[in-house]
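S.K.: Below are the structure tokens for one structure; questions will follow.
Values quoted throughout were computed directly from the atomic coordinates according to the rules given, and no laboratory measurement underlies them. Predicted model only: the values in this text are computed from it and were never measured. Using ideal geometry, Cβ is built from the backbone for each residue, glycine included, and neighbour counts are taken over all protein chains shown.
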Amino acid sequence: MSYKKFSTDETITQIGGMAGAALLPDPLFGKTDDVSRKFEYRKSPLSINEPATSWDTVTQVNNFYEFGLSKDDPAKNAKAMKTSPWQMAVEGEIHKPQVFDIDDLLKIAPLEERIYRLRCVEAWSWIGYSLHELIRRVGPTGNAKYVEFISLADPGQMTNLKSRVLDWPYREALRMDEAMNPLTLLCFGLYGKVLPNQNGGPTRIITPWKYGFKSGKSIVKIRFVEYMPQTSWMRANSHEYGFYANVNPVVPHPRWSQSSEVRFGEKGRRKTLLFNGYDDHVASLYQGMDLSEYY
Ligand SMILES: Nc1nc2c(c(=O)[nH]1)N[C@H]1C(S)=C(S)[C@@H](COP(=O)(O)O)O[C@H]1N2
Ligand SMILES: [Mo]
């Protein structure tokens, strides 16, 4: 199997910002019951202060392989995904395993707007709360060392599940301390609105200091486990995609350098920042680790 066609293109970066929110056209996404829903949220000190990206770019240029491999496939095909009702199971090494309806999840903590850098194809104004709010509530046991995020995999609703490009369902995972970091966001919205299907509605993870593929979409299960899980991309090609996937200018992908990046709307290249510029928040998580070995 050749992986050439299936790269995650983690060399493109974008920035989100509130300035764009006022200019947004009507939502182009999904026909779920609640597209008109607007979230109440507060601003967060964890937001960056940089110019906005357009709603069109955020919602038309996507990676969501369950709906096809082209960047414009998710916007076309993800409309078919039914995001209401939606349940998410939380299980494994916790004291209170339970199944949440999306509306219960929304009540766990106040929603915040997080304007994040997110390297791969996007970033922007995400609406959600820190995942640790949920984690505290479900009471991890002493054996909970990692958290696994499992996406929906329904061949009836997802157009590309017959392809074996990845081993479905899409699985991602974090070490427990990474999952507890305040930057790790359980996300429900974009620019104050319901998260479009193509962006991983109704709920997804955002880890802005890691390459985009760590931020799993349309999550139906969160599982706490003792041992490091194999993620979908590790299974597909562990030589190219490691567990950590921290943005790092000096650790090249085997097929391309990661030392610079292109942002949407810009012609030139910029230097890649270690941990995507979030080193103040996350560098301590990796102290003493050789990041070229743990890539
Ligand atoms: N379930 C699922 N989650 C996924 C993906 C995917 O193919 N399936 N692609 C990942 C990759 S490679 C990236 S770059 C981001 C893209 O998120 P966006 O389309 O909202 O910009 O989603 C990530 N989460
Ligand atoms: Mo990606």
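S.K.: What's the Cα-based Rg to Rh of region 85-150, Rh via Kirkwood?
M.R.: So for region 85-150, dividing Rg by the Kirkwood Rh gives 1.01.
S.K.: Springs between alpha-carbon atoms under 10 Å, Gaussian network over the chain: tell me which of Y227, Y241, Y211 tops the mean-square fluctuations.
M.R.: The residue that fluctuates most here is Y227.
S.K.: While we're looking at this one, here's another question. Where is the GNM fluctuation largest for the chain (alpha-carbon springs, 10 angstrom cutoff): L285, L274, L118?
M.R.: L285
S.K.: Let me ask you something else. Once R0 is set to 22 Å, what does the formula 1/(1 + (r/R0)^6) return for the Cβ-Cβ distance between S259 and E50, expressed as a FRET efficiency to the nearest 0.05?
M.R.: Once rounded, the FRET efficiency stands at 0.60.
S.K.: What number comes out for the charge environment of W168, summing +1 per Lys or Arg and -1 per Asp or Glu over other residues with Cβ under 11 Å away?
M.R.: Net local charge, W168 excluded: +1.
S.K.: Now a separate question. Would you report the distance distribution of C-alpha pairs in region 202-295 as whole percents per 10 angstrom bin, up to the bin with the largest distance?
M.R.: Per 10 Å bin, starting at zero, the Cα-Cα P(r) for region 202-295 comes out as 13, 43, 35, 9, 0 percent.
S.K.: Take the residue pairs K193/K271; K43/K76; K38/K96; K145/K214 and return only those whose Cα atoms are more than 29 Å apart.
M.R.: Exceeds cut-off: K193/K271; K43/K76; K38/K96.
S.K.: So, in nm, how far is label R42 from label E133 when the simple model puts each one 7 Å beyond its Cα toward the Cβ?
M.R.: 1.0 nm
S.K.: D104 to S284: extension gain in nm, 0.36 nm per residue of separation minus the Cα-Cα distance?
M.R.: 61.5 nm
S.K.: Give the shape of region 99-186 as rounded, prolate or oblate, defined through the alpha-carbon gyration tensor: a ≥ b ≥ c are the square roots of its eigenvalues, a/c under 1.5 means rounded, and otherwise the shape is prolate if a/b is larger than b/c and oblate if not.
M.R.: The shape class here is prolate.
S.K.: Across the chain, what fraction of all alpha-carbon pairs, as a whole percent, falls in each successive 5 Å bin from zero upward?
M.R.: 1, 5, 12, 18, 20, 19, 14, 8, 2, 0, 0
S.K.: If packing is taken as the average number of other Cβ atoms within 10 Å across a peptide's residues, how do 155-163, 201-209 rank, most packed first?
M.R.: In decreasing order of mean packing, 155-163, 201-209 become 201-209, 155-163.
S.K.: If you stretched the chain out fully between A89 and R235, how much longer would it get, using 0.36 nm times the residue separation minus the C-alpha to C-alpha distance?
M.R.: Working it through step by step, the gained length comes to 50.2 nm.
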